[in-house]
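Heads up, the thing below is written out as structure tokens.
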Amino acid sequence: MLLRLPTSMSEAQECMAGGAVPIGGATLLWATWQRDGFPTRAMSLRDLPEANGIGPETLGSAVLLSRVDDRVPEVLRKAAAGVGTGAVRRTATVGGNLVGSTLRCLLPAALVLDAHAVILEPEGVHLTDLAEVLAKRHLLLSLLWRAPIASRYHKAAGEAGGPPPLVVAGALHREEDGGKLLRVAVREDGEFLDEDVRCHPTAEEDLHALRSGGLGRLSDEAWETVCRQVTDLLAPPAGHCAADAGDPGAESPGRCWLG
């Protein structure tokens, strides 16, 4: 297998045109290749600057999960930190987890950030939504989003060889008119559900709107976890009371204020 490591966008496009198979950390591909045979050509984006950015509103697809730190929102940092073992995180990449893995541990975090995908195609670079990337398995360069006011992430304990553990992610966003938008995404039994609601005067109303919408199929156990995460997310200073105080918002922990 010939592995190419492009350092420019034009070189990466040349590799694509030559039929090179994109790989991340190859943590999931290796076993498949050993069983079915290795591709003739492959390429990694680990040396491509456009795929290695880390910031408050961007994350490159070639970034190792172990490198995802507090430069990104809490929800994404904790999602990356919860993937596999330390050895896995030192090899696996953001793009490999989102596009190459069926578990897609980072997906709930990306959904609540309303992240969009920068993809590379033979004809150039394009911005698209995550759904298209996952459906068509585009070559992901990076994720882009608007920094949230606050975010939260919870991953339940799982058993080796068991079903994917429950994941609940949430983020609170400020809208252009000054209002707030709550986004919640859940992975339960391998299924991904998400919903967003414009914030109401109380957390109870927000939870009712979530339960009446896209999260209505959740089990009681999963819903209880959503309630706890949302309650914490909406607590001052990030949530409803912060809006009354005119706080511009910044990621910070809150306390539970809904029984």
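Tabulated data for the structure shown
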{"quantity": "Unique match (being under 22 Å from the mean Cα position of the chain (by Cα), modelled with pLDDT of 95 or more and either over 30 Å from Ser10 (Cα atoms) or not hydroxyl-bearing (Ser, Thr, Tyr) (or both)) among Leu134, Leu139, Leu130, Leu172", "calculated": "Leu172"}
{"quantity": "Residue list for segment 122-138, restricted to those being open to solvent by 40 Å² or more (accessible area, probe 1.4 Å), in a strand (DSSP E or B) and under 30 Å from Gln229 (Cα atoms)", "calculated": "Asp129"}
{"quantity": "Any helices (runs of 4 or more DSSP H) falling wholly within segment 7-121 and containing at least 3 residues that are open to solvent by 30 Å² or more (accessible area, probe 1.4 Å)", "calculated": "9-17, 29-36, 74-81, 86-89"}
{"quantity": "Subset of segment 154-209 (residues that are exposed (fewer than 14 other Cβ atoms within 10 Å of the Cβ) and assigned to a helix (DSSP H, G or I))", "calculated": "Glu204, Glu205, His208"}
{"quantity": "Search result, residues across segment 35-59 that are at pLDDT below 90 and either over 18 Å from Thr91 (Cα atoms) or small (Gly, Ala, Ser) (or both)", "calculated": "Arg35, Asp36, Gly37, Phe38, Pro39, Thr40, Arg41, Ala42, Ser44"}
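The values are calculated or read from the model by the stated rules, or taken from the named source; none is laboratory data. Quantities reported herein were computed from a predicted structural model and do not represent experimental measurements. Neighbour counts run over all protein chains shown; Cβ positions are idealised from the backbone, glycine included. Heads up: the accessible areas ignore ligands, DNA and RNA and are worked out on the full protein's heavy atoms, side chains in. Shrake-Rupley method; radii C 1.70, N 1.55, O 1.52, S 1.80 Å.
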